[in-house]
Amino acid sequence: MDIPTDVWGQLALEASQVYLTEGGVRSPFASTTIEKLPDKVLLNIFSYLSHREICRMATVCKRWRMVAYDTRLWTHVSLRPEISGLHVGSLESLLALISIRFGPSLRYIELPIELITHTVLHELAAKCPNLTHMLLDFSTAMQLHDFSEMQAFPTKLRYLCICLSEVIFMEGFMRKIYNFINGLEILHLIGTYEKIEEEEEEIYEVINVHKLKSATPNLRVINLYGINFVDDSHIDAFSSNCIQLECLAVNFCNKVTGSTMKTLFQRSRRLTCLLMNGCNLQSEYVMQVEWEKSSIQELDVTATDLSTECLIDMLTRIPNLRFLSAGQINGFNDSVLKAWMESGSARNLVALDVDSSDNLSDEALHRFLSRHGSQLWGLVLSGMPHITDQLWQSVLQLLTNAKILIMGTQERLGVNIHVDQLMDGIATHCLNLERLELRWDPENLRFSDKSQKAIDILRVKCLKLKCLVLSDGRYYEIVKANFERADRTTVVRTSTNCRVSNYYLLSNYKDLIFN
């Protein structure tokens, strides 16, 4: 929504003209109100608002209502009340919205279970020809609508996210859409990981992955998140048909053991990213993989029980690893770091996460960072009580290219963290920093009356910093107030509502985002 430069020039010129009257100084804009702004300017202002706020603006007057309902403001729409605050009262209202307000401008839509009907999907297919991204939330469903009469579905989808229910079988719906989703490049199937606490409950395979893979041969990115029935056979199914596969994520699918990983890499020669956080990987299967022949560059094996022998074997055989997340693994110790460093396989590494790796010593970490610290964009050394500000102070001068740093542990320590010196060191050496998280308990943070100066230096020097996360406490309040005075109100956040991760550095990060 480009604003003509002559409009801004005129505003700047006229704003500089001030008239003197008997009553004092008077601007020529004294009688000007927001009503005088052109529609294009209003449209640009509204584009910064959420849809909930835009709907409020529509109640001000007829003109604002016309601007608020401009289709250019409704290209990305979530109709899930818990996400967007928007609630559609009836199917008739939604059908009218699709026809009148969304139309050809709509690119992305999220629908809750009560709005997923064959009439709605027909209307989207007919009236929204440019729709490429869709999220269908079945997670709270106890019963599906009748899809027996469904004859149409959006055909240009690149991205499809389906939030699964624990108990509703999806095959009746899925077989109606198989013929329309051949062009999919990105598929998310989101399970109910948070709800599977009770092991005795029966697990249902609510979606037929083997049939789904046959309908989606062009997938580049597959994300199977927290699905309690997904196992190695499902990974094998996708790899047998998706030759374009670049990124596979099966985080928190605890039935995955890695038994088909060797076949996966033999078939998927383009696979560069594999995320297996929280899987039940078996070391013997992982060691069978021909890592040296793979194209893998990004790997997450966090919270797996891989042995020290397996980790050494794997890391020394992957030739071009750029991203490694291997936290919460007892087997990740000093000997793994030493062997990896001596093999030369870490030469391309740009992101390392060894969160809660209690068997790593600060000496081994210092040696590794002395060699590879300058190439790192992201470093996570959190969750380890023995890694304090002393190690960080000694390696910050090496982390000149760092964009993401995560440090500290929520566990109460017996030593104090001198946060002023730490902030000063970060500001001096990490000028490219974008995200920073300090997880130390507020009671362990020691700071002085000169803290404001250290925070000022960090704020002024680290201009790219967009997220600074701290545990809630006195120091958090000081830092937040400092940034807010400089009009950077969204930077400082608490660890209760925000967490930083190296995942921002993944090459397919934007494709992996789901809501």
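DSSP loop (so not H, G, I, E, B), at most 13 other Cβ within 10 Å: list which GluC sites (Glu not before Pro) in segment 339-430 pass both filters.
The qualifying sites are GLU411.
HN-Hα J couplings of segment 102-110 from phi, Karplus 6.51/-1.76/1.60, θ = phi - 60°, integer Hz, Gly and Pro as x?
8, x, x, 6, 5, 10, 9, 9, 10
Over segment 145-251, how many percent of alpha carbon pairs lie in each 10 Å bin up to the one with the longest distance?
Whole-percent P(r) values from 0 Å outward: 14, 47, 32, 8, 0.
Normalised radius of gyration for segment 462-515, please: alpha carbon Rg relative to 2.2 N^0.38 Å, two decimal places.
So segment 462-515 has a normalised radius of gyration of 1.33.
Please compute P(r) over all alpha-carbon pairs of segment 344-438, binned at 10 Å starting from zero, and give each bin as a whole-number percent.
The distribution over segment 344-438 is 16, 55, 27, 2, given as percents.
Can you work out D for segment 350-514 in µm² s⁻¹ from Stokes-Einstein, where Rh is the Kirkwood radius over C-alpha pairs, the temperature is 37 °C and the viscosity is 0.692 mPa s?
Numbers: Rh = 16.0 Å.
Rounded, D is 206 µm²/s.
Calculate, in nm to one decimal, what VAL60 and TYR504 gain on full extension: separation in residues at 0.36 nm each, minus their alpha carbon distance.
Working: separation 444, 0.36 × 444 = 159.84 nm, distance 3.95 nm.
Answer, rounded to one decimal: 155.9 nm.
If you roll a 1.4 Å probe over the heavy atoms of the protein chains, what accessible area per residue do you get for the chain, in Å²? Working shown, then result.
Working: 23840 Å² over 515 residues.
Computed with neighbouring chains in place, this is 46 Å² per residue.
Reachable lysines from LYS338, Cα under 19 Å, same-chain residues fewer than 8 places away excluded?
none
Please report, in whole Å³, the volume per residue of the convex hull around the C-alpha atoms of segment 34-73.
Measuring per residue, one finds 59 Å³ for the Cα hull of segment 34-73.
Counting only residues 5 or more places away or on other chains, whose amide H sits under 5 Å from the amide H of SER78 once H atoms are built in the peptide plane?
Those lying under 5 Å, H to H, from SER78 are GLU110.
Measuring from a point 7 Å past the Cα of SER47 along Cα-to-C-beta, which residues in segment 481-515 have an amide N at less than 14 Å?
What the label zone holds, given the 14 Å backbone N cut-off, is no residue at all.
Average projected area of the Cα convex hull of segment 320-361, in nm²?
2.8
With only alpha-carbon atoms in the gyration tensor, what are the semi-axes of the equivalent ellipsoid for segment 23-124, in Å, largest first?
35, 13, 11
Residue-wise, which Karplus ³J(HN,Hα) couplings in Hz belong to segment 284-301, taking 6.51 cos²θ - 1.76 cosθ + 1.60, θ = phi - 60°, and x for glycine or proline?
Values per residue, Gly and Pro as x: 4, 6, 5, 6, 7, 5, 7, 4, 5, 9, 7, 9, 4, 10, 10, 9, 10, 10 Hz.
For n ≥ 4 DSSP H runs only, could you compute -39500 (n - 2.57) per run for the chain, divide by its residues and tell me the 222 nm figure to the nearest 500?
Values: 20 runs with 166 residues, N = 515.
Result for the chain, helices only: -9000 deg cm²/dmol.
If the limit is 22 Å between Cα atoms, which of LYS213/LYS262; LYS176/LYS213; LYS213/LYS255; LYS262/LYS403; LYS262/LYS510 go over it?
From the list (LYS213/LYS262; LYS176/LYS213; LYS213/LYS255; LYS262/LYS403; LYS262/LYS510), the Cα-Cα distance tops 22 Å for LYS262/LYS403; LYS262/LYS510.
Of the peptides 75-84, 223-232, 451-460, how do they stack up when ordered by the mean number of other Cβ atoms within 10 Å, highest first?
Answer by packing, highest mean first, reads 223-232, 451-460, 75-84.
From the phi of every residue in segment 400-409, what ³J(HN,Hα) in whole Hz does the Karplus formula 6.51 cos²θ - 1.76 cosθ + 1.60 yield, where θ is phi - 60° and glycine or proline is x?
Per-residue couplings from phi come out as 6, 9, 5, 10, 9, 10, 10, 9, x, 9 Hz.
How large are Rg and Dmax for segment 287-332 when calculated on the C-alpha trace, in angstrom?
10.1, 27
May I have the convex hull volume per residue, in Å³, for the Cα set of the chain?
186
For the chain, what does the relative contact order come out to in percent, with C-alpha contacts under 8 Å and a separation of six or more?
6
The values are calculated or read from the model by the stated rules, or taken from the named source; none is laboratory data. All figures in this text were calculated on a predicted structure; none of them were measured in a lab. Here the Cβ is made from the backbone with ideal geometry for all residues, glycine too, and neighbour counts use every protein chain on show. SASA here: full protein model, heavy atoms, side chains in, ligands and nucleic acids out. Shrake-Rupley method; radii C 1.70, N 1.55, O 1.52, S 1.80 Å.
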